[in-house]
1. So which residues in region 313-330 are open to solvent by 10 Å² or more (accessible area, probe 1.4 Å), more than 8 Å from the ligand (Cβ to nearest atom) and assigned to a helix (DSSP H, G or I), if there are any at all?
2. Residues that are hydroxyl-bearing (Ser, Thr, Tyr), at least 2 per element: which strands (runs of 3 or more DSSP E) completely within region 378-447 meet that?
3. Kindly check whether there is at least one residue in region 63-83 that is in contact with a His (Cβ under 9 Å, 6 or more places away or on another chain), surrounded by 18 or more Cβ atoms within 10 Å (Cβ to Cβ) and not in a strand (DSSP E or B).
4. Which one is farthest from Arg405 (Cα to Cα), of the residues in region 367-387 that are more than 31 Å from the chain's Cα centre (by Cα) and of a type in the set (Asp, Glu)?
5. Mind checking whether some residue in region 38-56 is assigned by TED's automatic domain parsing to the domain that holds Gly24, at positive phi and open to solvent by less than 40 Å² (accessible area, probe 1.4 Å)?
6. Any idea which residue in region 190-232 is farthest from Ala263 (Cα to Cα), counting only those that are among the acidic types (Asp, Glu) and touching a residue at least 12 places away in the same chain (Cβ under 8 Å)?
7. From the list Asn201, Asn172, which one is surrounded by fewer than 23 Cβ atoms within 10 Å (Cβ to Cβ), more than 9 Å from the ligand (Cβ to nearest atom), assigned by TED's automatic domain parsing to the domain that holds Gln28 and modelled with pLDDT of 95 or more?
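The values are calculated or read from the model by the stated rules, or taken from the named source; none is laboratory data. Note that the structure is predicted; figures quoted are calculated from it, not measured. Please note: Cβ atoms are built from the backbone with ideal geometry, for glycine as well, and neighbour counts cover all protein chains shown. Ligands, DNA and RNA are stripped out before the accessible areas are found, and what is left, the full protein with its side chains, is counted by its heavy atoms. Shrake-Rupley method; radii C 1.70, N 1.55, O 1.52, S 1.80 Å.
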Amino acid sequence: MPENNKIKKKDITDKIVSLCKRRGFIFQSSEIYGGLNGCYDYGPLGVELLRNVKEVWWKEMTFRENVEGIDASILMHPRVWEASGHVEHFSDPMVDCKECKARFRADQLEESDCGNKGYKGRKAVKCFEEGKFTEARNFNLMFKTFIGPLEESSSIVYLRPETAQGIYVNFNNVKESSRQKLPFGIAQLGKAFRNEINTKNFLYRTREFEQMEMQFFINPAEDLKWFEYWKEERMKWFIRMGMKKEKLRWHVHEKLAHYAKAAVDIEFEFPFGWGEIEGIHNRTDYDLMRHTEFSGKKLEYFDDVTKDRYIPYVIETSAGASRSFYAFLCNAYDEEEVEKENSDGTKSSEIRTVLRLHPLLAPVKAAVFPLVNRDGMQEIAVKITEDLRKKFKVFYDDSGAVGRRYRRQDECGTPFCITVDSETLYDDSVTIRERDSMKQERIHKDRLNEYLNSKLNDN
Ligand code: GAP
């Protein structure tokens, strides 16, 4: 990207939101009814990208000797949330503006815009200083519903606000069925729900989202070592998945949650500023102890070598799948000036928009084009598409000029474009164009499978 052509941060958000809709990454939930605040739908490309984020995380975390996976139900016994502290503590202070009726988190007034459109650029904190707000009230973020036909207090259940608790309550089940010895971890990914007072910044803070969490159970004497270990592992993973190092940083918590002894966040520089994408926490024995207390069932570990019996400590790695999805999109978004050949043979320049996603994350791995729709090129390209599709997500396109087709795929983040041209008719070779460098090489069409395989395993 030329220096004088740097994209303005504010514009990037608008451009990413518009690309997400145009190319089918993200749609507003229930759009035809005017949308539902804080909820989004993943379109054809978005669902692939999200699945890939989750898949690479799952492999990274569970393809290890000492980490097992589970998939616990979203609805859990209501006592779980009393034991975890969520019923008591999981709330944000909320205030209402008496003038414009907008609702805010009392601890976020400096960064929130005033709800009255007439006061452009005014921050909510100004209205607070002018005494326009109600007293702060605590608002619990858990969504409540009822199990069974009666809407009474004894049938209240909650939509889980984090996946972690499903892991703690299954500690004995997993330990016994998998015969794991400490230290070992349990990983889970899935939906979580929070009735956020203010949703904002597109996918950053939503009411329904997905988490990717791993709880690592350890001997309490080793907590510092494992906390450091998981911090490093998680940061390295984001970098391996293509995050620019300068867009990541640590944030060390000074004010700790009720369950934590130490907490750090991995922050990403979103277009709106720095924001947490993953938290690594030393949760001590808080959760297992509380569930022991509330359920009456012992959640402990017996070391048959040292003969010690104790409640393990937990090091938690907690990332948002949807928030990481957004971070990966922002990280990948780029615009650059490129040369363009006009139909009369002259050259000019144009801006190409490209999503430089890691090939493992890219929704579509390759696009296949016949250069022109004659001389049997389409048939060859269709055959290549069908062969590759047995293993990879591949897109076939034979409409419009080839340059336009490249641009469309650049915007979708497709790492490779394969073109069948007149040379293919003689020697079965095709061109393969790499998205980021736009370099082309010729390879035999029978080597395409192996080529894509090697690129996708090369990380
Ligand atoms: N079990 C610990 C826990 O849930 P958290 O910091 O509240 O910790 C962990 O959440 C991660 O979940 C965050 O780093 C973020 O990526 C994601 N997350 C939390 N709230 C979110 C929301 N409202 N929308 C999208 N992602 C969210």
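1. Cys330, the sole residue that qualifies.
2. Details: elements: 394-396, 416-420, 429-434, 440-444.
Ranges flagged: 429-434.
3. Within region 63-83, one or more residues are in contact with a His (Cβ under 9 Å, 6 or more places away or on another chain), surrounded by 18 or more Cβ atoms within 10 Å (Cβ to Cβ) and not in a strand (DSSP E or B).
4. Going through the qualifying residues, I end up with Asp375.
5. So the first thing to find is which residues in region 38-56 are assigned by TED's automatic domain parsing to the domain that holds Gly24, and the list is 38-56.
When the remaining residues are screened for being at positive phi, the result is 38.
After this cut, where a residue has to be open to solvent by less than 40 Å² (accessible area, probe 1.4 Å) as well, the list is 38.
Yes; the residues of region 38-56 include at least one that is assigned by TED's automatic domain parsing to the domain that holds Gly24, at positive phi and open to solvent by less than 40 Å² (accessible area, probe 1.4 Å).
6. Top of the filtered list is Glu208.
7. Values: Asn201 fails: modelled with pLDDT of 95 or more.
Just one listed residue meets the conditions, Asn172.
Listed here are the residues, each with its yes/no results for (1) open to solvent by less than 40 Å² (accessible area, probe 1.4 Å); (2) within 16 Å of the ligand (Cβ to nearest atom).
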| site | (1), (2) |
| --- | --- |
| Ser112 | yes, yes |
| Lys132 | yes, no |
| Glu135 | no, no |
| Ser154 | no, no |
| Arg160 | yes, yes |
| Tyr168 | yes, yes |
